Amino acid sequence: MYTDAFPPCPVDGPILPAVPHGYIGGTIPQKCSTCELEFEGSCQRAMSQLGRFLSLDYGLCRVDGSTQPVRYENQFITSRVDVPEKCTTCRFLTYLSVDGFRCGEDAEIWGRPLKTLDWGSWHPEFIYVELPQPKITTRPLIGRLWERDLVGFLKEYLTFTQWSVQPE
């Protein structure tokens, strides 16, 4: 669940005090309240590359532990996702139907659990991009994209389309 956290926010500035934000019905970080990239409670920092909004920077989590990604699943969540290892047992791990997994630490400050999970110094090998609907996007597909492996990309893409490659 790192897709809305990377690339990280490059803007320095104070997180607190929180600033009321009418659109989201809560508050946002102080540095975001004057930032030209903030739009309706989201960030446009990589909009030209990704074509989607990212999460605002609500600051780091104060819970210690490993931030290496691990597969997470439980009896209530049907899909398996990667979360920081320390989050798998954390009482602040929250799932929101629209936003996915979030950190509930400081929810009383922000009005609801808005913080992305704390990935610490870990970062993905590549930034996840999505093909426009109705096209299918997978991790291996995007990996081939970032590797500039056109043949691998096409083979991966064709396995998920009606034009799939037939064995010879």
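The values are calculated or read from the model by the stated rules, or taken from the named source; none is laboratory data. Note that the structure is predicted; figures quoted are calculated from it, not measured. When we count neighbours, we look across all protein chains shown, and the Cβ atoms used for this are built from the backbone with ideal geometry, even at glycine. Surface accessibility is based on the protein's heavy atoms, side chains included, excluding ligands, DNA and RNA. Shrake-Rupley method; radii C 1.70, N 1.55, O 1.52, S 1.80 Å.
A simple charge model with +1 on the Cβ of Lys and Arg, -1 on the Cβ of Asp and Glu and nothing else charged puts the dipole of the stretch 71-125 at about 140 debye relative to its Cα centre.
How much net charge surrounds Val63 when only other residues with a Cβ under 10 Å from its Cβ are counted (Lys, Arg +1; Asp, Glu -1)?
Its environment carries a net charge of 0.
The GluC sites (Glu not before Pro) of the stretch 90-140 meeting both criteria, a DSSP state outside H, G, I, E and B (loop) and at most 12 other C-beta atoms within 10 angstrom of the site's C-beta, are Glu125. Cross-link partners of Lys86 among lysines, defined as those whose alpha carbon lies under 17 angstrom from its own and excluding same-chain residues fewer than eight positions apart: Lys115.
Please give the net charge around Gly120, taking every other residue with its beta carbon less than 15 angstrom from that of Gly120, where Lys and Arg add +1 and Asp and Glu add -1. It works out to a net charge of -3.
In the chain, helical runs assigned H by DSSP with n ≥ 4 each contribute -39500 (n - 2.57); averaged across all residues and rounded to the nearest 500, the mean residue ellipticity at 222 nm is -4000 deg cm²/dmol. Net charge dipole, the chain: roughly 240 debye, given to the nearest 20, about the Cα centre with Cβ charges of +1 for Lys and Arg and -1 for Asp and Glu.
In a DSSP loop and with at most 13 other Cβ atoms within 10 Å, the chymotrypsin sites (Phe, Trp or Tyr not before Pro) in the stretch 1-82 are Tyr23, Phe76. Per-residue Karplus couplings for the stretch 138-146, computed as 6.51 cos²θ - 1.76 cosθ + 1.60 with θ equal to phi - 60°, are listed in order as 10, 4, x, 4, 5, x, 5, 4, 5 Hz, Gly and Pro entered as x.
Label zone of Arg112 (point 7 Å out along Cα→Cβ, amide N under 15 Å): in the stretch 21-48 this covers 21-28, 40-42.
Comparing Cys32, Cys103, Cys90 in a Gaussian network model of the chain (Cα springs below 10 Å), the most mobile by mean-square fluctuation is Cys90.
Let's test the formula: R0 of 22 Å, r as the Cβ-Cβ distance of Ser33 and Ser66. What FRET efficiency results, to the nearest 0.05? E(calc), rounded to 0.05, equals 0.10.
A 1.4 Å probe over all protein chains sorts Trp122, Trp146 by accessible area into Trp146, Trp122, starting with the largest. For the stretch 41-129, trypsin sites (Lys or Arg not before Pro) are listed when DSSP marks them as loop and at most 14 other Cβ atoms sit within 10 Å of their Cβ; the list is Arg52, Arg62, Arg80, Arg91.
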